[in-house]
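Below is one structure, written out as structure tokens, with a few remarks after it.
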Amino acid sequence: MHDIRAIRENPAAFDAALARRGDAGVSSDILALDEARRAKIQQAEAAQAAQNKAAKEIGAAKAKGDNETFERLRAEVAEKKAQVAALQTEAKELDAKQTDMLARIANLPADDVPDGADEDDNVEVNRWGTPRELDFAAKEHFEIAGVAQAMDFETAAKTSGARFVFLKGGVARIHRALAQFMVDTHVDENGLTEMQTPVLVRDEAMYGTDKLPKFGDDSYQTTNGWWLVPTSEVTLTYSVAGDVLEAVELPIRMTAHTQCFRSEAGSAGRDTSGMLRQHQFEKVEMVSITHPDESDAEQKRMLRCAEGLLEKLGVPYRTVVLCTGDMGFGARRTFDIEAWLPGQNTYREISSVSTTGAFQARRMNARFRPADGGKPEFVHSLNGSGLAVGRCLIAVLENGQQADGSVILPEVLGPYLKGKLTLTADGDLV
């Protein structure tokens, strides 16, 4: 959500920032609506003052026995009362329209975000690891012998349709181990607090985290109105909605491992093979609620938390800062981490770490009280994948694949797999 005062103060700068995203300027429309709304409020206040004045004069007219004046003033009070009600209703309608308009406008990019139209204009800022040289033709995850029999898309299609999967046996266990490894690392080494959150949320939570009203088609809604979360960013971030936190409580750092649900609207024909793009998947999410002065440093910290997981797993990756044309709706700045997938001979996104500034906080009225006791200010909120579990499974399987169809697993998973670090070509863990 945008601050209407900032738009009033510098509409040209607001439109210029939107233009960097490739969006049309809308300040003139917003300000015209804002002017009409404020005019109705002023008219209502003037009518209320006239009503109050006439109401006071009624008593004096009655005391004097001036029935003519009494009746005229009584009619005037009734007229002004109706006028006030009508003007207040019109002002509320204009206010709701303005709020809806502001809620549908993307966040403004940070000054240091590179300009660009799409993913081709993203800028690489880091690269770690060297892709392993294979003396055999690399396979995609679902083609590896030890994996193919344990990654059942046919049964999933029978029960749920396309873009679902049954994981069985050793592969299911590796998937679970990866999630446990991620959460333990975030808690024990990265200082995040583990949370167990709902996956069903109300409209307010989706709205407050900028998923509504613009992106309702991207998520699933139950018949009684709940939404299935697209990520636990929604629940973790909204946990501070309406709060006035003390400055000493910041930053609040949280992590959660949950099921996530996305309709993948508009993605027909993309990544249809394997489990790269699913309607239901698991993710370990990171969310930080910070003081505005600390949010940029916090984003870098969160990025290192996610990169560190891939380094522990021995998965080569590269990190890019997204250009203005490729950023998500609510982000001021986003870093994507892309893991190396030998089967596709390319890097694919495995994590996005974004700062929203006060964009979400303003929508959900999440504030903090400065240490000097000044007026409460909006917090900043950040979110990041740490990591997408299914995509991490793909990366681990493809990077560990062997010529005979087996997979050598990262040593850090040993404690979660009772030391069994080989998935055989028959699908057994040994």
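The table that follows gives values for the structure above.
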item	result
Length gained when the stretch Ala103-Asp66 is fully extended (0.36 nm per residue, less Cα-Cα span)	7.9 nm
Under 17 Å from the Cα of Lys92 - aspartates and glutamates, other chains or at least 8 residues apart	Asp34, Glu35, Glu45, Asp100
Accessible surface, per residue, of the range 116-217 when the full set of protein chains is kept, probe 1.4 Å, Å²	56
Computed FRET value (nearest 0.05) for Glu294 with Gln196, which takes r as the C-beta separation and R₀ as 30 Å	0.65
Whole-percent carbon and sulfur share, accessible surface of the range 29-83, 1.4 Å	51
Rounded percent of accessible protein surface that carbon and sulfur make up, the range 213-254, 1.4 Å probe	51
Range in the chain, longest, excluding exposed GluC sites (Glu not before Pro) [loop by DSSP; at most 12 other beta-carbon atoms within 10 Å]	190-430
Over the range 237-371, relative contact order from alpha-carbon pairs under 8 Å, at least 6 apart, %	30
Alpha-carbon radius of gyration plus Dmax, which is the widest Cα pair, for the chain in Å	27.8, 109
Asp111, Asp243, ranked by accessible area, largest first (probe 1.4 Å)	Asp111, Asp243
Residue-normalised accessible area of the range 291-335, expressed per residue, 1.4 Å probe, Å²	32
Evaluated over the range 141-195, the Cα radius of gyration and Dmax, each in Å	14.9, 42
Filter on Lys283/Lys418; Lys300/Lys420; Lys40/Lys214 - keep pairs with C-alpha separation over 26 Å	Lys300/Lys420; Lys40/Lys214
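The values are calculated or read from the model by the stated rules, or taken from the named source; none is laboratory data. In this text the structure is predicted, and so the values were computed from the model without any measurement. Cβ atoms come from the backbone with ideal geometry, glycine included; neighbour counts cover every protein chain shown. Just the protein is used for accessible areas: all its heavy atoms, side chains included, with ligands, DNA and RNA removed. Shrake-Rupley method; radii C 1.70, N 1.55, O 1.52, S 1.80 Å.
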